[in-house]
1. How much of the accessible area of the range 158-236, in percent, comes from carbon and sulfur atoms when a 1.4 Å probe is used?
2. So if each residue of separation counts as 0.36 nm, and I subtract the Cα-Cα distance between residue 287 and residue 106, what length gain in nm does that give?
3. If you rank 50, 58 by how much accessible surface each has, with a 1.4 Å probe, what is the order from largest down?
4. Calculated FRET efficiency, residue 248 and residue 224, Cβ-Cβ r, R0 35 Å, to nearest 0.05?
5. So which of 114/186; 230/264; 114/230; 53/122 end up more than 27 Å apart, counting from Cα to Cα?
6. Quickly work out the residue 122-to-residue 40 label distance, labels modelled 7 Å from Cα along the C-beta direction, and quote it in nm with one decimal.
7. What does the accessible area per residue of the range 239-315 come to in Å², with a 1.4 Å probe and no ligands, DNA or RNA counted?
8. Each residue of the range 82-88 in turn: what ³J(HN,Hα) in whole Hz from Karplus with 6.51, -1.76, 1.60 and θ = phi - 60°, glycine and Pro shown as x?
Amino acid sequence: FVPTVFDALRCRHTELASSTMRLIPPNEQHRPSSLRSWMMAEFGISLVIRSIKVGIVRLGDEDARAMLNAFVPTVFDALRCRHTELASSTMRLIPLIFTANLPAVEEYAPRIVKILLRLVRKAAPEGDDARDRAIKALAAAMRTSVSVLTENDVRLLCDVLLAGLDNTQSSVASFVLLRTVLRSRKVVPELYRLMDGVFQRLLHAHSPKIREHCATTIVQFILDFPLGPKRLAGHLEFLARNLNYEFEHGRAAAASVLGALAEKLPDAVRTPYLPLWFAALAQRVVADPASRARRAHAEALVCVYRASPSTGDDL
C-alpha cells in the first residue's frame, strides 16, 4: 500500500493529497489503532470518489459496478462512524453511487436514509458544509426510498429546508430534496407553510437560479401533491394576481408558471381558469413596460390559447 500512498501524495488534487497526509502521523506509535482504521477507510472512500470523478471507475462498466455494489455495505458502516471526517467523505460518495442503480442500493437505501436524517438533524445552521453535504446525500438516497419517510421526518426536513432555500450555495440541493419530499405525499401543515414560502420566493428572490427552482417545485406541487379545491384555487389566483407584481422578474416568473400549468393541468381543472388567465395575460402583453416580462406573458398566453378545449374560440 505504501507505493499507493506515494502516488497519492503526488496527485494534483488537493483533497486526495490532504486525505493521504492524514495517513502519515508525526509519531505513529502514539496514534491509536482505531484512529488509524477510520483514517484508512476515509482515504479509501476519497480514492473511490476521485476515481469516479476522473473516469478511472466508470459507472457503466459491469466490473466496476460489481465492485461498487460490494462496496455499498461499507458505505453504510462508514456513515455510522463517530468520526465526522469519515462520515463527511461518505456523504460525498453517496450521490455518485446512488445514481448507478446498483442492486445493493435498494437493500441499504432505507437504512442509509434514516442515518442521513439523523445527520441532517445534528448539522449546524445555514452555511455549514456538513449540513449541505448531508442534504445532497439525502436527496440522492431518497430517490429510491422516499416511502420510508414518516410525517415526523417531513416536519424535520421542512425546518431544515427553510434555512437552505435562500442560500445560493445550497439552494440546488435543498430544492432537489424538497421535490423528493413532495413525492412522499405526506400531508403535514409544515409542508404547506414551506410551499407558501416557495411561492413568495418565486416573486421576491434576486437569484434567477432560485426563481427557476421555485417555478419547477411549484409546478410539481400543484400537479402531484394532494390539494383541496380551496387551496388549489388560492395558489392559482396568487399566480394570476401577481402578473401585475411590482418587479419585472416576479411578473415573468408568475407568467412562466401559469404557462406551464396551462399545458400540464388536466382539462377538468384548468378549463374554468383559462378565460381569467387569457384576459390577464393579454392585458399584460399590451401594458407591461418591460420587454422580458412582455415576452414571458406572450409565451404563457400561447400556452393558455392552445389549452382551450375549443382552440380559443370561447376565450
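The values are calculated or read from the model by the stated rules, or taken from the named source; none is laboratory data. Given the structure is predicted, the values throughout are model-derived calculations rather than measurements. Virtual Cβ from ideal backbone geometry, glycine too; neighbours counted across all protein chains shown. Just the protein is used for accessible areas: all its heavy atoms, side chains included, with ligands, DNA and RNA removed. Shrake-Rupley method; radii C 1.70, N 1.55, O 1.52, S 1.80 Å.
1. On the way: 1760 of 3280 Å².
C and S fraction of accessible area: 54 percent.
2. Difference between extended and current length: 59.8 nm.
3. Ranking 50, 58 by accessible area, largest first, yields 58, 50.
4. Efficiency computed from Cβ-Cβ geometry: 0.75.
5. The pairs that break the limit, which is 27 Å between Cα atoms, are 114/230; 53/122.
6. 2.4 nm
7. So the range 239-315 comes to 50 Å² accessible per residue, rounded to a whole number.
8. Values, residue by residue: 6, 7, 5, 5, 5, 4, 5 Hz.
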